[in-house]
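The structure under discussion appears below in the form of structure tokens.
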Amino acid sequence: MEKKKSRSVASTGKIKMKKKFAKQGKVKKENRSAKKSTSGIKKKKDKTFEEKSEKFVKMDFEEMVAAEGDDNEEEIEAKELKEAKREKGDKLEKGKKRKAEDSDKPDLLQMSKKQRKDVRKQVKTNYELSQKTKKMWEVLRQEKCSKEKRKEILDELKELVKGKVLELVYAHDSVRVVQCCLKFGDGSLRTDMFNEVKDHILNMSKCKYAKFFVKQMLRYGTKEQRNHIMIAFHGSVCKMVRHKEASEVIEMAYNNHANLKQRLKLLEEFYGPSFAVFKKEGIESLDDIIKAEPEKKRQITEFMANTLTSMIDKTVIKHSLIHKVLYDFFLHARPQLRSDMIESIREVVVQILHTHDGARVAMQCIWHGTAKDRKVIMKSFKTYVSKICREEYGHWVMLALFDSVDDTKLLAKIILTEMMKCLSEICEDQYGRKVLLYILCHRHQQHFHPHIIELLKKGDGNAHSKKDANTRKQELIESVSKPLLEHVKNFARQLVRNKQTCLLVTAIYQNTIGDKNPLMEAICGLASEDLVAVPRDSKDALDKMHIIEHPAGHLVLKKLIQLDKDTQDTVFCKMLIKKVGTDKITTWSTINRGAFILVSLMDCGNDDVKNIIKDAMTPLIKKLQKAEFKGAEVLQQKLES
């Protein structure tokens, strides 16, 4: 019983000691948080207490009592608190000193926005230099600045910025000063500035402001300096093209300043990693590379596909450098790889067809794309159809669509409907007229250059176009006939009296389907106006000229009469004679062009028309004999025959 009792007393004492140490630990933690002692002291004290707690937990009751007596915990705690107070006092004193030191600094909260901006600028290392050079730049950049004054300022600027060009080009304001120096300075000034930064061309090209220095050096630098910049790009072209700022520099270098050899060096890096490092001589295109090493064709095209795919969703897809690489890829890629690329870029085709290579890439997508690809491409053209028709290269893509798309109803709904809403704009533009003429006349050599015809023939017989070409052409003409005839009827005067649009009028008359009487009546109505002499030297002579005398108007009448003769359908000739009347027709013989129109009417093949003119003109043969122009002589011979 005594043993059990002693154990219970010991265990009870042990529990009390544990509670005591736990309570002491809790008090210590509260004291530390209240006094806000440093984190280092907290960790040290916590560690010390934890070690002691573990030690006492493992002890027997007697050992605990002995340990408690040996280590005076209250004294230790007092010492630690005293040390924490001393450190806190040191901190307060340091804070007071720092506050006293900062008392002379400006109070930003009490300043206006403009004042705070000035304070921030003054922190910059080149603040004074920047302010001084900007004042000089304000004078230098003005057109009224004299050559002597400009030279004086440039000499002073040369000394001020010497050795500091690299620092100045990275700031939005001071880089303008440097740009102005490059523009108006002489060769020695440009050379000195360029030598300071020539080892940093790559990094400068990626900077929002420093890139302008590189652009100015490309524009005003010597041949050697431009060559140094081109060489600096080697090995980093693919990365630069992906970069928003650097892509502008690389595009400018490629388009405006690189020669054929330098362009190839820039393009080579899209063909594989080895071409970025090793530059071979005597190679002018990807064709030459593949001819020399045909076994690398697959490897090159796959690398190009991976590189180009990463650029499709970026704004750099608009650059002509990318368009050239894309076109090279389409020429050499195998069908499966080409189909994958078409699927990737079909939604952004509208963004690339403004360049020569971009338009040919778009044509490749149309020729080799599936029906779904073509549909997506056409949908992406919505709201841009008129603009595309009026682009130098973009209108080729429209011609490729007319040659390839089997679903003419969908083509009419998406493309032709929008075209017909903008007919005035399209008819007035030289490329827009080509689009309309292609629908009406297809590849007629009178309207299209042989080079364009050969380019379009490359898409013939593609795997995804099944419909007969003549059927497709006829369906397209049916879709546009009514709007075109209506347009000529409403704007006959402007169209007939314009050298550029007069051929379009005759093409519409010849090829459209439907009632052409309104068109003929509109043109005959112009011919029925009174013939009044107009001084040739007046400014608005062409506007006041009668259609018979007008250089373009008389040509339209002549063409329409000839078409009647070719088709043996003299509807226009009969309407013209009826609308004008014999009294007004006789006045046409008083001018050269009018006389030739009468000759054409007599040759149209209709006896009634011929007899009406002969009866009207026979009494005037003597006047024709006295006339001195060629038309009168020919008409007289025709009447006497």
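The values are calculated or read from the model by the stated rules, or taken from the named source; none is laboratory data. Since this is a predicted model, take the numbers as computed values, not measurements. Cβ placement follows ideal geometry from the backbone for every residue including glycine, while neighbour counts extend to all protein chains displayed. What goes into the accessible areas is simple: the full protein's heavy atoms, side chains included, and nothing from ligands, DNA or RNA. Shrake-Rupley method; radii C 1.70, N 1.55, O 1.52, S 1.80 Å.
Listing for the model above:
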| read-out | value |
| --- | --- |
| Accessible area of the stretch 545-585 belonging to carbon and sulfur atoms, whole % at 1.4 Å probe | 48 |
| Relative contact order for the stretch 381-483, counting Cα pairs under 8 Å that sit 6 or more residues apart, in percent | 39 |
| Binned Cα-Cα distances of the stretch 158-317, short to long, each 10 Å bin given as a whole percent | 10, 37, 30, 16, 6, 1 |
| Accessible area of SER339 in the full protein assembly, 1.4 Å probe (Å², nearest 10) | 50 |
| Accessible-area value, TYR327, 1.4 Å probe, nucleic acids and ligands omitted, Å² | 20 |
| Label-point separation, LYS162 to ASN462 (7 Å along Cα→Cβ), nm | 6.3 |
| Pairs from LYS434/LYS565; LYS413/LYS458; LYS434/LYS458 whose Cα-Cα separation, in the structure shown, is over 22 Å | LYS434/LYS565; LYS413/LYS458 |
| Carbon/sulfur fraction of accessible area - the stretch 116-229, other protein chains in place, 1.4 Å, % | 47 |
| Flagged links, alpha-carbon separation over 32 Å, of LYS151/LYS239; LYS409/LYS574; LYS261/LYS314 | LYS151/LYS239; LYS409/LYS574 |
| Cα centre as origin, Lys/Arg/Asp/Glu Cβ charges: the stretch 322-364 dipole, Debye | 120 |
| Rounded accessible area of SER146 (nearest 10 Å², 1.4 Å probe) | 50 |
| 1.4 Å probe accessible area per residue over the stretch 580-641, in Å² | 53 |
| Heavy-atom accessible area ranking, 1.4 Å probe, most first, across CYS427, CYS207 | CYS207, CYS427 |
| Cα-Cα over 23 Å, subset of LYS296/LYS324; LYS198/LYS244; LYS206/LYS265; LYS132/LYS223; LYS144/LYS206 | LYS132/LYS223; LYS144/LYS206 |
| By accessible area with a 1.4 Å probe, ligands and nucleic acids excluded, highest first: order of PHE402, PHE491 | PHE491, PHE402 |
| Percentage relative contact order, the stretch 523-641, counting C-alpha pairs under 8 Å, at least six apart | 24 |
| 3J(HN,Hα) from dihedral phi, the stretch 402-418, Karplus parametrisation 6.51/-1.76/1.60, rounded to Hz, x for glycine, proline | 5, 7, 10, 6, 7, 7, 5, 5, 5, 4, 5, 5, 8, 9, 5, 4, 5 |
| Accessible surface ranking that places the most exposed of ASP608, ASP155, ASP564 first, with a 1.4 angstrom probe | ASP608, ASP155, ASP564 |
| Rounded, prolate or oblate (a/c below 1.5 giving rounded, otherwise prolate when a/b exceeds b/c) for the stretch 436-555 by Cα gyration tensor | oblate |
| Accessible surface of the stretch 349-449, 1.4 Å probe, proportion on carbon and sulfur as whole % | 49 |
| Over 30 Å [Cα-Cα, the stretch 334-493], rounded percent | 10 |
| Accessible surface, per residue, of the stretch 235-280 when the full set of protein chains is kept, probe 1.4 Å, Å² | 43 |
| Heavy-atom accessible area per residue - the stretch 357-477, 1.4 Å, Å² | 44 |
